[in-house]
1. Could you grab the Rg to Rh ratio for segment 72-120? Cα atoms only, Kirkwood for Rh.
2. State, to one decimal in nm, how far the label point of A30 lies from the label point of D330, with both points 7 Å from Cα in the Cβ direction.
3. In a shell of Cβ-Cβ distance under 11 Å around V306, excluding V306 itself, what net charge do Lys and Arg (+1) and Asp and Glu (-1) give?
4. Would you mind working out the magnitude of the charge dipole of the chain relative to its Cα centre, with +1 at each Lys and Arg C-beta and -1 at each Asp and Glu C-beta, to the nearest 20 Debye?
5. Keeping every protein chain present and rolling a 1.4 Å probe, give me the accessible area per residue for segment 1-147 in Å².
6. Between P51, L327, L233, whose Cα lies farthest towards the positive end of the dipole of the chain when Lys and Arg beta carbons carry +1 and Asp and Glu beta carbons carry -1, centred on the Cα centre?
7. What list of ³J(HN,Hα) couplings, whole Hz, do you get for segment 52-65 from phi and the Karplus terms 6.51, -1.76, 1.60, once you set θ to phi - 60° and write x for glycine and proline?
8. Under 5 Å between amide H atoms, partner at least 5 residues away or on a different chain: which partners does E83 have, H built in plane at 1.01 Å?
Amino acid sequence: MSTDLQNRRIRLASRPHGEPVPSDFLHDTAPVSSPGPGEALLRTLHISLDPYVRGRMSDAKSYAAPMEVGDVIVGGTVSEVVESADDSLAPGDVVLGYGGWQEYSVEEVAGLRRLDPAAAPVTTALGVLGMPGFTAYAGLTAIGKVQPGETLAVAAAAGPVGSAVAQIARLRGARTIAIAGGERKVALLEELGVDVALDHRAPDLPGRLAAAAPDGIDVYFENVGGAVWDAVLPLLNEFARVPVCGLAANYNATSLPEGPDRSGALMGQVLAKSLTLRGFIQREFAPTMFEDFQREMGAWVTAGEVRYREDVTVGLDRAPEAFVGMLRGDNLGKALITLS
């Protein structure tokens with residue numbers, strides 16, 4: 001059945017130096033393979049675009065192995081089962097997997113999760129009810145430990161992680177300061193009900209942030225680094241917690257930032273204020289927290305207490321430009337590719 005199908009795909013042609021360019025991506029086609037025992041052939045419906053993929057295009061050592069030149073670009077996917085060699089899935093089932101930037105994939109059934117389109121739009125499995133939403137939930141719960149009456153600040157707050165952080169913190173009784181880039185993102189954050197929305201591109205972010213947090217900041221959810229971190233650090237209260245989820249300001253960097261080494265000043269603040277800075281990858285919390293996340297976040301989304309936005313680009317061929325745009329911060333909400 002599957003041998004007559006051709007698979008359109010996008011592969012890593014070369015490792016980017018700085019911001020990815022079109023020549024770093026190779027568009028091609030290949031025959032589709034039949035699934036073996038325990039596998040299923042899937043047709044991709046939606047592809048998640050996520051900042052971590054930029055790191056995996058590099059050969060620098062990190063928490064996940066880099067892609068090799070020639071590999072299909074990695075990414076979470078929502079797909080329809082075309083053919084299954086496992087009785088637990090049938091053609092027509094919709095599943096969450098990791099097929100990457102291609103029209104078809106063959107994946108191990110054990111690594112797939114069946115989705116119920118009647119329970120929630122299936123794209124939410126790539127966003128608010130998936131990895132980004134769980135990243136927000138786990139980092140805020142296990143590391144941020146936000147309490148009623150505290151002040152929380154979050155960077156990249158109009159993205160899928162940051163917007164979930166702000167809304168969960170509000171539901172847990174915290175005062176929320178959401179930081180994002182551009183007027184339309186600030187407008188979205190105000191719609192989501194944050195206490196203060198700040199545009200980091202406007203002048204004097206440190207002054208505006210200090211005015212917004214007269215009693216300091218108890219939890220800072222770090223997604224960006226750079227100038228936003230510089231504005232936040234002096235405002236952190238004693239015993240403040242900083243879940244470090246991402247450093248978007250550095251993803252396309254090709255060298256260390258100019259200027260003096262400020263690591264000594266940072267460590268002085270960590271010591272003097274008894275700060276907790278804790279980097280994390282969401283998978284470490286999945287075994288103990290994912291079921292709680294599904295229950296709580298599912299209820300919040302159903303009740304409209306947590307809202308989400310999706311930024312959808314149609315067409316596999318447009319994935320590279322949409323990905324680069326996401327790294328620049330062009331997207332409003334969760335960046336997705338929907339295959340036409």
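1. Numbers: Rg = 10.6 Å, Rh = 11.2 Å.
With Rg and the Kirkwood Rh in hand, the quotient comes to 0.94.
2. 2.8
3. On the way: positive: R170, R307; negative: E296, E305.
Here the charged neighbours net out to 0.
4. Numbers: 29 positive and 42 negative charges, 147 e Å.
Dipole size: approximately 700 debye.
5. Details: 6260 Å² over 147 residues.
On a per-residue basis, segment 1-147 sits at 43 Å².
6. Going by the charge dipole, the pick is L233.
7. Residue by residue, segment 52-65 yields 4, 4, 4, x, 6, 6, 8, 9, 5, 5, 8, 6, 10, 5 Hz.
8. Distant-sequence amide H within range of E83: L41.
The values are calculated or read from the model by the stated rules, or taken from the named source; none is laboratory data. This is a predicted model, so every value here is computed, not measured. Don't worry about glycine lacking a Cβ; one is built from the backbone with ideal geometry, like all the others, and counts go over all protein chains shown. For the accessible areas, the whole protein counts, side chains as well, though only heavy atoms, and no ligand, DNA or RNA atoms are used. Shrake-Rupley method; radii C 1.70, N 1.55, O 1.52, S 1.80 Å.
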